[in-house]
Each structure stands twice: as structure tokens, then as C-alpha cells.
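A quick write-up on the structure given underneath.
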Amino acid sequence: MDTKLTYSDSKNIEHLFRQQSGKMFSILIRLFGFDNSTLIEDIIQETFLAAMKTWSVKGVPEQPEAWLMQVSKNKLINELKKRSNRTRLNEQFAGEKLEEKVDELFLDKEIKDSQLRALFACCNPFLNKKEQIMLTLKILSGFNNSEIANALLSSSDAVKKAIYRAKKSLQEQDIDLNAPFIHEINDRIDTVHTIIYLIFNEGYKQTSGNSVINKDLCFEASRLAVLVSSIDGDHQPESYALLALIYFSMARFPARINANGEMIELETQDRSLWNKEMIYAGTSLLAKSRNAKRISAYHLEATISSIHCMAKSFETTDWESITICYQKLTAIDDNPIAQINYAIALSKWKDSEAGLKKLDEIEESISKPIKHLFYAAKASMFYQNKTFELAKSYYQVAYDLSKHEMDKKFISKKIQMCDRESLKMN
Amino acid sequence: MKKYMLILFEEENMYTDFSPEEMQKEIGEHMKWIETLGDHYDSGEPLMPHAKSVKGKDKVVTDGPYIESKELVSGFYILNAESLDEATELSKGCPVLRLGGNIEVREVMKM
């Protein structure tokens, strides 16, 4: 345990503590239930504290994950011995074979099973979407309250309250995390997919302006999607599609923000910065996802994303296929953002007239929080047909409606571009 | 080269609110510092927080660390340096200072 590694080696274990926290939480919650989450948090915290103190001085051990597992196992055994005369756990962990039984819990297969059980428990339809997301980030991803607050643009206090409420409702339902959960998988897989998709979306949209947090959320979403796509069944192709979508989007991360932290739109991104390995992984997942009984929104979004990733340039993108995918997407899921993107794709494939016509059709369905996207899309179409004065006035509307700094910066650049183009024409 | 002991003092609950990710980052900070120390680094040991103290002729045993403050000795490093001043300068890079911890630098006596 005392082999010293260098700092650069320790980089290879990025997010190890987070992953480990999710594993430990899942194992322990299966044993102790939601009503003992403070105890569980203490055991986890003590394990990491021990690791931090030792590794800081003696270096990272050769097998960091095994080291952490061993420490948490020992802490768990101590805890179980302390509680040996209390009921609930008694039958399961009575007698001499305590160590062996604990070892079994820490087998890879069991850990994975525990994580899935915990994830499906967090995605309980009894909780609202926000509570499901927060609880998932807390339990499966080892985020603390302030990290969740940062990620979801909320306050630590609000997160604390929401998680407390969520745990309480789960306690009241008295969920048995050891019961067979095959039926639950089928009933709840859609919710689990949605929650992973929402976590990913929180990371992918750039409202927080903090690219570290954004990346962390996308990374967590991909990790959960990998976990879920390991479950066999009819829903598996859909899980593959979701994971493919996440990979395709993450592949473009390195090109999305410039050195000043400003957003770069797809059109002007340096495509050589896209992560080819992730695109490759996404492509093979997308191929595996084709074996599905129904075409889900994830299939369509992943396909759109893959077309962008494959295109050599913005101009040579297969806009026709993208338009068709958006058309199908709006048919399954009446999502106004998909409608706006449909109009944009149409304007690239056909012309700005077609796009503008589509926008007119959907104008009434656009709710206030996304109005700025609608007007920015409209402005871009006027820009495309070189009506720069009109483009500028719609960008101005979009600017006034947008709430986030990054969006405002992005739109004000567009306004400047309109001014420049107008000058050229005069 | 002489040897110097860096005695680290930290508040007991300095890391209570740290998330797993933050703790892992903290290790990275220490590793970075140790890497910059190069040959100046000799060894180190972390200490468990709980303690007993034994006092005086009567050998009175009490629970808890000896010093009467919220801070306790959380570990130590041994560094190689030419002088107390150099060792002190080197200790300034230690990440515990950033979090409000303190360091005492002492020369190891040679027999």
C-alpha cells in the first residue's frame, strides 16, 4: 500500500472518489435503508477522509479503488458488529461469517446490482423530477449539496430541503432495496432514461457558464447511462441510443467554448477539436441501438447528433436527413425546442422562407422561457437571406428576453455582425 | 543537508463539508506540492484524530489530544533542507495552509 505514485498518475483516477461514493452509497443503502442515510454518509466520509490523509502524505496506492473498498468494508464490518444485537440486519448478518458475507456484497456484480437498485429507487415517480435528479446526484454520483446547487443553479439550502423531503417520502414508502426488481425495471426504465437525459441536459446547456460543472454533469450522465445500458431487455436499444447521444454531444465539448469562455456555435467550431474516440464509441452504440421495437426520441436525437459529427463542414452537412429526424421527433414528442430546431434545419436544407414559415406555424406554442431561442432562430433566418436590418431587430428582441450572461454575450456578437454586414451593403 | 519536521495542525472538522470530489482534489494538491519538493521530501505520516494523553508523575490518563484548542496535530512531514529558513520557505507550499491549517517547522536534532 505504500508504493508512491506521482501526481500525473493520480490524474488517471479522475472522479474516482465520486464513482466510489456512488458504489458505497448503493451498497450501504441496500443494507441500512433510506432511514439511515446519515450513518451511511458518515461511513463514506470517514473512508474518504482516511484516504485523503494517507494518500496526501504517502502517495496514491497502486490500486486506489481496492484500497478504498477495503477501508469501507472494514468500517462496515465494525458498524455491523456494533449493531449485532439489533433486529433488521440480524438475520442477514448474524454469526461468524460476517466478513464473508460482507465480501459478497463487494463483488463487482453485486456492486453493479446495488447501484442499479439505488438508481431505480431514486427515480421514484412519487418524487418530482427535480427531487429525482438531486437524489440521483447525491446518492449515485457523490455530489454534496453545494455541488448540486451549483449544477442546478439553486441554493445549497434549497437542495438540502428538497433532498430531506425526498428521502422522507422514500422512507414512508418503506422501499425494500433487496426485493427482486425485474418488474420495476420495465415500469420505471423510461423515468430512469428521462432523469439521465435531464442530468445530461443540465450539463450540456451552458447557462451556468461554468464549464467544469457542465462537464462533470455530462460525465455523470454518461456513467449512469453505461450502467443502465448493461441491463438486458427490450429497453436496452433505447439505453444505447441515449448513451450514443451523450457521447456525440460530449465529443464536441472541446470546441464549444473559446479561450474567453464564450460560446462558439456549431457553424464556426473547429471540427478538428472534436473527440474522435467518443464519436467512434457513439457510432457503434447507435448501430447497436437500431435493434429496437420502437424509435425513441433518443434514437432520433442521437442520429441528428451523429450526422453533425460525421459532416466535414457545416455547409456540407446532410440537412435533409436532419430535417426528417426533427420532423419525426416533433411527431413523437411535442417539444417546442425540437420544433425550433426543425425550422432551423428546414431553413438550411431548403431556404430561409421555408424556415420562417415553419416558425410562424409554431409561434403560439412557444413559452416564455424559450422565447429568446425562437427570436434568435428567426433572426438567423433573416441573416441567412441577407435582410440584416430585420435580423438585427429580432436579435435585439432575443437579447432582451434572454436571462443568462452567456446567451446575452452570444447574441450581442450577432448584433455586431448584423451591423457590419449592413455597413458593407451601403 | 539537515532534516526538518513539519508538524501540521488542523481543526478537527476542517473537512466535514468536503465532497468526495473535493477530497480527491485535495490529494492532488498535496501530490503537486510533494512533486515540487523533489529531493527535499523525505517522508511523512498522517495521524488518527483520537488520542489519549498521559500527564506527569501521577500518569493521569485523559481522552483527547494534549493541547487545549480546536486544532490538533494531524500529521507530519520530514523534509531535507539546508537551514530552518529554507525548510520554512518550503513549507509555505503545503496545501493545508490554504484551508486555514497551521504548520510548525522544527529541526530534527542530530546525535
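Bear in mind that the values in this text are calculations on the coordinates, not laboratory data. Computed from a prediction, not measured in an experiment: that's the story for all the values here. For neighbour counting, all protein chains shown are included, and Cβ atoms are generated from backbone atoms with ideal geometry for every residue, glycine included.
Using a 10 Å cut-off around each Cβ, can you sort B:88, A:268, B:36 from fewest to most neighbouring Cβ atoms?
A:268, B:36, B:88
Could you work out, residue by residue across A:143-151, how many beta carbons of other chains sit within 10 Å of that residue's beta carbon, and then give the average as an integer?
What the average comes to for A:143-151 is 2.
For residue A:367, put the label point 7 Å out on the Cα→Cβ axis and report which residues of the range A:322-340 keep their amide N under 12 Å from it.
Counting backbone N atoms under 12 Å from the label point, the list is A:335-337.
Cut-off is 10 Å between beta-carbons; in what order do A:315, B:12 appear when sorted fewest neighbours first?
A:315, B:12
Taking a ≥ b ≥ c as the square roots of the eigenvalues of the Cα gyration tensor of the range A:334-416, is the shape rounded (a/c under 1.5), prolate (a/b larger than b/c) or oblate?
In terms of gyration-tensor shape, oblate.
Quick check for me: using +1 on Lys/Arg Cβ and -1 on Asp/Glu Cβ, what's the dipole size of the protein assembly as shown about its Cα centre, in debye to the nearest 20?
For the protein assembly as shown, the charge dipole is close to 620 debye.
Mind checking which of B:73, A:272, B:31 is farthest towards the positive end of the protein assembly as shown's charge dipole, using Cβ charges of +1 (Lys, Arg) and -1 (Asp, Glu) about the Cα centre?
Going by the Cα projections, it comes out as A:272.
Arranged from highest to lowest average of other beta-carbon atoms within 10 Å per residue, in what order do the peptides A:359-366, A:49-56 appear?
Answer by packing, highest mean first, reads A:49-56, A:359-366.
Convex hull over the alpha-carbon atoms of the range A:154-210: what's its volume per residue in Å³?
105 Å³
Work out from phi, with θ = phi - 60° and the Karplus expression 6.51 cos²θ - 1.76 cosθ + 1.60, the ³J(HN,Hα) of each residue of the range A:213-221, listed in order in whole Hz, and give x for Gly and Pro.
My calculation for the range A:213-221 gives 4, 4, 5, 4, 5, 5, 4, 4, 4 Hz in order.
Report, by chain and number, residues whose modeled amide H sits under 5 Å from the one on residue B:44, excluding near sequence neighbours (fewer than 5 apart, same chain).
For residue B:44, whose amide H was placed from the backbone, the distant partners under 5 Å are B:78.
Counting each DSSP H run of 4 or more residues in chain A as -39500 (n - 2.57), what helix-only mean residue ellipticity at 222 nm follows after dividing by all residues, to the nearest 500 deg cm²/dmol?
Theoretical 222 nm ellipticity from helices: -22500 deg cm²/dmol.
Under the definition of partner shielding as Cβ atoms of other protein chains within 10 Å of a residue Cβ, what is the mean value for peptide A:53-65?
6
Would you report the distance distribution of C-alpha pairs in the range B:2-107 as whole percents per 5 angstrom bin, up to the bin with the largest distance?
Taking all Cα pairs of the range B:2-107, the binned fractions are 2, 11, 19, 22, 17, 13, 8, 5, 2, 0 percent.
Using only the Cα atoms of the protein assembly as shown, what semi-axes does the equivalent ellipsoid have when each is the square root of 5 times a gyration tensor eigenvalue? Give whole Å, largest first.
50, 31, 20
Across the residues of B:26-36, average count of Cβ atoms on other protein chains within 10 Å?
Mean number of neighbouring Cβ atoms from other chains: 6.
Mind giving me the nanometre distance, one decimal, between the label points for residue A:409 and residue A:14, set 7 Å out from Cα along Cα→Cβ?
If labels sit at residue A:409 and residue A:14, their model points lie 2.2 nm apart.
Highest first, please rank the peptides A:32-43, B:18-29 by the mean number of other Cβ atoms sitting within 10 Å of their residues.
B:18-29, A:32-43
Stick to Cα atoms and the Kirkwood definition of Rh, then tell me Rg/Rh for the range A:253-326.
That ratio is 1.01, to two decimals.
Arranged by the count of other C-beta atoms within 10 angstrom, fewest first, what order do A:172, A:421 take?
Lowest to highest Cβ neighbour count: A:172, A:421.
Nearest 10 degrees, 0 to 90: what angle lies between the long axis of helix A:129-139 and the longest principal axis of chain A (Cα atoms)?
50 degrees
For residue A:350 and residue A:38, what does the FRET efficiency come to when R0 = 45 Å and r is the distance between their Cβ atoms, rounded to the nearest 0.05?
0.15
What is the spin-label model distance, in nm, from residue A:182 to residue B:51 if the labels are put 7 Å beyond Cα along the C-beta direction?
Computed distance between label sites residue A:182 and residue B:51 equals 5.8 nm.
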